[in-house]
Amino acid sequence: MSGRELGVLNALDVAKTQWYHFTAIVIAGMGFFTDAYDLFCISLVTKLLGRIYYTDFSKPKPGVLPPNVQAAVTGVALCGTLAGQLFFGWLGDKLGRKKVYGLTLMLMVVCSLASGLSFGDTPKGVMATLCFFRFWLGFGIGGDYPLSATIMSEYANKKTRGAFIAAVFAMQGFGILAGGIVALIVSSAYDHKYDLPSYEVDPRGSIVPSLDYVWRIILMFGAVPAGVTYYWRMKMPETARYTALVARNAKQAASDMSKVLQVEIEAEEDKLNHIVESENQRYGLFSKEFAKRHGLHLVGTTVTWFLLDIAFYSQNLFQKDIFSAIGWIPPSQEMNAIHEVYRIARAQTLIALCSTVPGYWFTVAFIDYMGRFAIQLMGFFFMTVFMFALAIPYNHWTKKENRIGFVVMYSLTFFFSNFGPNATTFVVPAEIFPARLRSTCHGISAAAGKAGAIVGAFGFLYAAQSTDPKKVDHGYPTGIGVKNSLIVLGVVNFFGMLFTLLVPESKGKSLEELSGENEEGPEAVEMAGSARTVPV
């Protein structure tokens, strides 16, 4: 233990894995379960919304959402998330992690429920309401990113901190899986009740008015897991690192952590005063000192997350389009509305079960052995390889006998995004910045990711359209096709590998050691600079 390090922080760093670690993982993780459910369940119901509100029964194919509406419905929550990450990240450093944590959860509960309601029953009214509440739902979700990551990193010990933060993020996989399962249950129940004909057999008969409840139930279910964890989230004490290093209350920090760790901890107010009054620790986010110590780190965490999310959200939000393009999901006119929801949900659930969820937990298992840097570099490398392997011989994969091979390769890109940069881009920003700027810097990094998600969501929507005007979806201009879109995503992943070189390895070090908060003068700058060295 350094002579400058507070006993309460050292106690957290060396604590054995205890019950409170697991409760913190579950409480913070359920927020992420809800985040993933809410963000990705929309992709399960967009085709159903198109059928219900935009079908012209005189046409040979059922309706689809117009391009501007599709883009708004898919992307508005991401815009809200970006804003929420910046705002709540900053607020978490100003007011404390715990105070803001309950606010984000309540916003998610209210807006999940409100997303399933609508003002009027016209297409315009329904879509406007949906977009309005999904923006504010995204705003609440955005707050969960920096706060959950920061809380978990500040509660964890040095040895298994990476696994604990990754475990919180891994709940995202279960949220995606839950979205598919809920959609399967709801669509199966409706199919059993109505047994509707396909659109090409009976256009009007393939859609019944009560199907309007299907998408509402699926979206509103997102309020359940968030509501369940509210009580426990409010019972968590503020993190010791915030209370001691930012709020400057050593007595409260020692008292809170004595209860959590069940050991007696001394307050050490004199030592705390010496640390927080150091000139070395007064620099702000926009200062030269921050740029010198952490500027390259922030560039590394923001750019890698931005590039990763372009690929990750393109894949997740438009799985249904890729599966349709290779013929894994039949043409829309050959199904009724409820069968289409079922087929899309089944495909998404299968991908989540076989690749998304295992990928997250591989990261949890290996992150504190392999290190963050190695996992991120490996993930980007294999995502690049598999994207090119799908894209270059794309015509080969569209043949019926090769479709299973396509799905396997496509699943592997998901696996290595999750056993790779999708997890590590979340973990590292919660570890390498000073306590008073940690939530803000994580929020900035996460917001850069959501900017990438918006590029992926809006860009892929148009880019993946066929180059043949006869094959594009109604209302869309021609695009560059799925093949060329996959090549672009491969190039994006390659650049992710390059920018990973700016991200420091944080395995096995205390948070104060990484940020230089225990050091003074030139040694701190030297230490912070050495954190940039990249392990080979």
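Given (1) at pLDDT below 80; (2) more than 30 Å from S188 (Cα to Cα), where does A325 come up short, assuming only one miss?
Status for A325: all satisfied but (2).
Give the number of residues within segment 382-408 that are in contact (Cβ under 8 Å) with a residue 12 or more places away in the chain and closer than 11 Å to K483 by Cα.
So the count comes out to 10.
Answer with yes or no whether A435 is open to solvent by less than 10 Å² (accessible area, probe 1.4 Å), hydrophobic (A, V, I, L, M, F, W, C), in contact with a Lys or Arg (Cβ under 6 Å, 6 or more places away or on another chain) and farther than 18 Å from G496 by Cβ.
So A435 fits the description; yes.
Here is a yes/no grid of residues against (1) open to solvent by 40 Å² or more (accessible area, probe 1.4 Å); (2) over 30 Å from V503 (Cα atoms):
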site	(1), (2)
F380	no, no
K400	yes, yes
L412	yes, no
F416	no, no
F419	no, no
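Need pairs with beta-carbon distance below 9 Å; first residue without any contact (Cβ under 8 Å) to a residue 12 or more places away in the chain and within segment 178-199, second open to solvent by 20 Å² or more (accessible area, probe 1.4 Å) and in a helix (DSSP H, G or I); sequence gap 6+ or separate chains.
Listed by first residue and then by second, the contacts come to K193/S210.
Name the residue that is modelled with the highest pLDDT, counting only residues in segment 490-536 that are on the phi > 0 side of the Ramachandran plot and surrounded by fewer than 21 Cβ atoms within 10 Å (Cβ to Cβ).
The selected residue is G508.
Please return the ranges of helices (runs of 4 or more DSSP H) entirely within segment 1-113 where 3 or more residues are open to solvent by less than 30 Å² (accessible area, probe 1.4 Å), modelled with pLDDT under 85 and more than 29 Å from L130 (Cα to Cα).
It comes to 7-14.
Could you list, ordered by first residue, the pairs with Cβ atoms under 6 Å in which the first is in segment 28-57 and aromatic (F, W, Y) and the second is outside any helix (DSSP H, G or I), at least 6 apart or interchain?
Pairs that qualify, where the first residue is aromatic (F, W, Y) and the partner is outside any helix (DSSP H, G or I), are Y37/G222; Y54/G63; F57/P203; F57/R204.
For the list (1) more than 23 Å from the chain's Cα centre (by Cα); (2) modelled with pLDDT of 80 or more, I need the number of the one condition that S466 fails.
Looking at each condition in turn, S466 falls short on (2).
Please return the ranges of helices (runs of 4 or more DSSP H) entirely within segment 321-425 where 1 or more residues are basic (K, R) and either on the phi < 0 side of the Ramachandran plot or within 22 Å of the chain's Cα centre (by Cα) (or both).
Ranges flagged: 337-351, 372-391, 403-418.
What is the residue count in segment 189-221 for residues that are in contact with a Cys (Cβ under 7 Å, 6 or more places away or on another chain) and either open to solvent by 70 Å² or more (accessible area, probe 1.4 Å) or closer than 19 Å to D144 by Cβ (or both)?
Count: 1.
Can you pull out the residues in segment 114-129 that are in a helix (DSSP H, G or I) and surrounded by fewer than 17 Cβ atoms within 10 Å (Cβ to Cβ)?
K124, G125, A128
Give the residues of segment 506-519 that are within 21 Å of P421 (Cβ to Cβ) and touching a Ser or Thr at 6+ places or on another chain (Cβ under 8 Å), sorted by residue number.
L514
Looking only at segment 446-487, count how many residues are assigned to a helix (DSSP H, G or I) and farther than 26 Å from F373 by Cβ.
Of the residues in segment 446-487, 18 are assigned to a helix (DSSP H, G or I) and farther than 26 Å from F373 by Cβ.
Restricting attention to segment 453-488, report how many residues are on the phi > 0 side of the Ramachandran plot and either crowded, with 21+ Cβ neighbours inside 10 Å or touching a Pro at 6+ places or on another chain (Cβ under 9 Å) (or both).
Going through segment 453-488 one residue at a time, the tally reaches 1.
Would you check if G284 is modelled with pLDDT of 80 or more, surrounded by fewer than 18 Cβ atoms within 10 Å (Cβ to Cβ), outside any helix (DSSP H, G or I) and out of contact with any helix residue (DSSP H, G or I) (no Cβ under 6 Å at 6 or more places or on another chain)?
yes
So for segment 446-455 (the condition being within 24 Å of T46 (Cβ to Cβ), among the hydrophobic types (A, V, I, L, M, F, W, C) and without any contact (Cβ under 8 Å) to a residue 60 or more places away in the chain), does at least one residue qualify?
For segment 446-455, residues within 24 Å of T46 (Cβ to Cβ), among the hydrophobic types (A, V, I, L, M, F, W, C) and without any contact (Cβ under 8 Å) to a residue 60 or more places away in the chain: absent.
The values are calculated or read from the model by the stated rules, or taken from the named source; none is laboratory data. These figures come from a predicted structure and were not determined experimentally. Every residue, glycine as well, gets a Cβ built from its backbone with ideal geometry; the counts of neighbours run over all protein chains shown. What goes into the accessible areas is simple: the full protein's heavy atoms, side chains included, and nothing from ligands, DNA or RNA. Shrake-Rupley method; radii C 1.70, N 1.55, O 1.52, S 1.80 Å.
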